[in-house]
Amino acid sequence: MKYVEFKARIQNALQDNPNGLTWKDLKNTLNFLYKIPCQTWICQLEDEIHLVRSKGKGRAFIWKIDK
């Protein structure tokens, strides 16, 4: 999968879920094979779509798009 497809799928999922999703939720919903997301891609998402990750329950982070 190329970054542009990854970005589009993440962006669409987060726009449909304004309360945010965990990586596990995204992975399962979008059928990603990645165990963990690429840190380089996460940094790009933070810059390009204003991805924000905040502490959730336990070790999970909630991914949201900052409006």
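Residue count for segment 15-50, restricted to those that are out of contact with any helix residue (DSSP H, G or I) (no Cβ under 8 Å at 6 or more places or on another chain) and aliphatic (A, V, I, L, M): 2.
If the requirement is being in contact (Cβ under 8 Å) with a residue 40 or more places away in the chain and in contact with a strand residue (DSSP E or B) (Cβ under 7 Å, 6 or more places away or on another chain), which of these qualifies: 26, 21? Exactly one of 26, 21 is in contact (Cβ under 8 Å) with a residue 40 or more places away in the chain and in contact with a strand residue (DSSP E or B) (Cβ under 7 Å, 6 or more places away or on another chain), namely 21. The residues listed here are 58, 20; of these, the one that is surrounded by 15 or more Cβ atoms within 10 Å (Cβ to Cβ) and at positive phi is 20. If you take the residues of segment 21-40 that are assigned to a helix (DSSP H, G or I) and touching a Phe, Trp or Tyr at 6+ places or on another chain (Cβ under 9 Å), which of them is nearest to residue 56 (Cα to Cα)? Among those residues, the one meeting the criterion is 23.
No lab work stands behind these numbers, since they all come straight from the coordinates. Bear in mind that the values here come from a model prediction, so they are computed numbers and not experimental data. Every residue, glycine among them, receives a Cβ derived from its backbone with ideal geometry; neighbour counts consider all protein chains shown.
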